[in-house]
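K.L.:
Before anything else, here's the structure in question.
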Amino acid sequence: MKNPLKQQFCFFLVVVAGVGLAGCGSPGVAHAPDMTKVLVPVSELPVRPEMPDVMVMSDGTRVTTVKQWRQRREEMKQILEFYELGHAPPPPGNVTGQEIQSRSVLGGAAHFRLVHLKFGPGEMLGFDVGIFIPAKGSGPFPTIINPSFSVTPGVAATNALLLQNVVRATNLPAAPPRGFFGSSDPEMAARGFSNLLGRGYAIATYRYTQCGADDATFRQSTFFPAYPEYDWGVLSAWAWGLSRCVDYLETQPFTDKNRLIALGHSRLGKLTMVATAFDERIALGAPAGSSGAGTGAYRFCGPGRGGKEGFEDMTRKFPWYFVPRAKDFTGQMQKLPFDAHWFIALTAPRPWISVEGTDDQNCVPNAVRQSVLAARPVYQFLGVSTNRVGVNYETHRHALTPGDWTAALDFADQELRGIDHQRKFDRFPAEPAPAK
């Protein structure tokens, strides 16, 4: 692990150079905020019952200029890295792709490519990405990046191995729901994506554990051995991996670089949330059913704070997601110097939507509502409509359904393509009646 003071100093240098955690191409700031009085042990933080205001600097100064907002963004990112995510290495700068397979699917309606990405020290790191491109139209196409629980299309894997890995990683029962894994066969996978392909979207999808093992052994997996001095948790590594997809897609003529969309479900919704906040090249983030430590405000979910899954549940059950000090908030959640709405605020002014199920056993609608409300002031300050912060509820439990996909595509059409579906994305389920 890095020495915390050394981490902060090194990160200041990175910020001055204009490079963020996820390797976004965003402009730098005039100077890095001085965080020496802010990044203190959890035990020294003040009690803060209210949602931390995204428009107030850590020294109490209210943000009134765009320059101040850029400084506040860097401040917020440093706080999230120190207390929740850990610090990721800078972008490797050498991402390339080697095509492994290429063929038509869906009777010629789309084209499939299996690409192996290579990057990092000595180009020794990498992972496989399945890409589906519409055959109709000349492009470039808006492109969805979809980290998935399924095997990457085109990559051989036995069902037994997949079952073993997914059950271990997700705490599913021994017999997960039918269709949970998707298919490694490109033709079968393309059928699952036929709606978005028919609507003129390309998609890049890959199995998320290629970017970090989803268990306590994560530090021996994938990217981590190449960067032993960084304290990043696996959630940060997954987001870093998604940004490597962005690196590659930006070089491809089929990709509309101004319309890159990130969509993932459950823990991959958390991944999507983090990647979109830190990588400003992602035009739209669509976390789905992201559960505890996801899009729902941490102060409004979990035992005693709204029920279902909370931040403390996640740091207990899945400590490898986070930097080790995140667990220090257990029993003292009101000391959090941040909350989930910061990830939405960091996305501004870009559009963002939370795709949810009305009966999701893990997610609290009021917690999502509180995050949305607390992030809207940034959108107002930046002069864009608060409609860019959307939410959609379909009737289902913890799942990613065709209705969720349709909602996300309709929102993307409206916000990125100027296609009006006459839909509103601001409706929450009715709150249950208070107990008498």
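K.L.:
Applying the Karplus parametrisation 6.51 cos²θ - 1.76 cosθ + 1.60 with θ = phi - 60° to the phi angles of region 366-377, what ³J(HN,Hα) value in whole Hz is obtained for each residue in order, glycine and proline being reported as x?
P.N.:
5, 5, 5, 4, 5, 5, 4, 4, 6, 8, 4, x
K.L.:
Using 25 Å as the Cα-Cα cut-off, could you pick out the over-long pairs in 118/317; 308/424; 118/327; 37/77; 118/257?
P.N.:
Exceeds cut-off: 118/317; 308/424; 118/327.
K.L.:
Right, something else. In a GNM of the chain with a 10 Å cut-off on Cα contacts, which of 108, 120, 296 has the highest mean-square fluctuation?
P.N.:
Maximum fluctuation in the GNM of the chain, among the listed residues, is at 108.
K.L.:
Between the alpha-carbon centers of region 64-116 and region 374-436, tell me the distance in whole angstrom.
P.N.:
23
K.L.:
At a threshold of 8 angstrom on Cα-Cα distance, excluding pairs fewer than six apart, so keeping six or more, what relative contact order does region 227-340 reach in percent?
P.N.:
It rounds to 23 percent for region 227-340.
K.L.:
Compute the acute angle (0 to 90°) between the alpha-carbon long axis of helix 159-170 and the principal axis of greatest extent of the alpha-carbon atoms of the chain; round to the nearest 10°.
P.N.:
The angle comes out at about 10 degrees.
K.L.:
Enter the accessible area per residue of the chain (Å², integer; probe 1.4 Å; all protein chains in place).
P.N.:
It amounts to 39 Å² per residue over the chain.
K.L.:
A further question on this structure: If only Cα atoms are counted, what is the Rg of region 294-430, and what is its Dmax, in Å?
P.N.:
15.7, 47
K.L.:
From Cα pairs below 8 angstrom and at least 6 apart in sequence, can you work out the relative contact order of the chain, rounded to a whole percent?
P.N.:
Across the chain, relative contact order equals 16 percent.
K.L.:
In the chain, what percent of the accessible surface is made up of carbon and sulfur (1.4 Å probe, ligands and nucleic acids excluded)?
P.N.:
It is 54 percent, rounded to a whole number.
K.L.:
Please list the non-local residues whose amide H lies under 5 Å from the amide H of residue 145, H modeled 1.01 Å from N, same-chain partners needing a gap of 5 or more.
P.N.:
Amide H neighbours of residue 145: 204, 261, 262, 263.
K.L.:
While we're on this one: Please say if region 366-406 is rounded, prolate or oblate, where rounded means a/c under 1.5 for a ≥ b ≥ c the square roots of the C-alpha gyration tensor eigenvalues, and otherwise the choice is prolate for a/b larger than b/c and oblate otherwise?
P.N.:
It is oblate, given that a/c is not under 1.5 and a/b is not larger than b/c.
K.L.:
With an 8 Å Cα cut-off and a minimum separation of 6 or more residues, compute the relative contact order for region 26-107 in percent.
P.N.:
31
K.L.:
Restricting to the chain, compute how many DSSP beta bridges are antiparallel as a %, nearest 5.
P.N.:
50
K.L.:
Okay, moving on. Give me, ordered by chain and number, the residues 5 or more places off residue 384 or on other chains with an amide H under 5 Å from its own placed amide H.
P.N.:
So residue 384 has HN proximity to no qualifying residue.
K.L.:
Whole-Hz Karplus ³J(HN,Hα) for region 123-136, in order, using 6.51 cos²θ - 1.76 cosθ + 1.60 and θ = phi - 60°, x for Gly and Pro?
P.N.:
Karplus values, whole Hz, x for Gly and Pro: 6, 8, 9, x, 6, 8, 10, x, 10, 10, 10, x, 7, 7.
K.L.:
Can you bin region 286-331 into rounded, prolate or oblate? Criterion: square roots of the alpha carbon gyration tensor eigenvalues sorted a ≥ b ≥ c, rounded for a/c under 1.5, prolate for a/b above b/c, oblate for the rest.
P.N.:
Oblate, because a/c is 1.5 or more while a/b does not exceed b/c.
K.L.:
Once both axes come from the Cα atoms, what is the angle between helix 267-278 and the longest principal axis of the chain, in degrees from 0 to 90, rounded to 10?
P.N.:
The helix 267-278 is inclined about 70 degrees to the chain.
K.L.:
If you take the square roots of the eigenvalues of the alpha-carbon gyration tensor of the chain and sort them as a ≥ b ≥ c, do you get rounded (a/c under 1.5), prolate (a/b over b/c) or oblate?
P.N.:
Note, shape of the chain comes out rounded.
K.L.:
Moving to a separate point now. Go ahead and estimate [θ] at 222 nm for the chain from helices alone: -39,500 (n - 2.57) per DSSP H run with n ≥ 4, summed, over the residue count, rounded to 500.
P.N.:
The helix-only estimate for the chain comes to -8500 deg cm²/dmol at 222 nm.
The values are calculated or read from the model by the stated rules, or taken from the named source; none is laboratory data. Note that this is a predicted model, so its numbers are computed, not measured. To get the accessible areas, we keep the full protein, side chains included, count just its heavy atoms, and leave off ligands, DNA and RNA. Shrake-Rupley method; radii C 1.70, N 1.55, O 1.52, S 1.80 Å.
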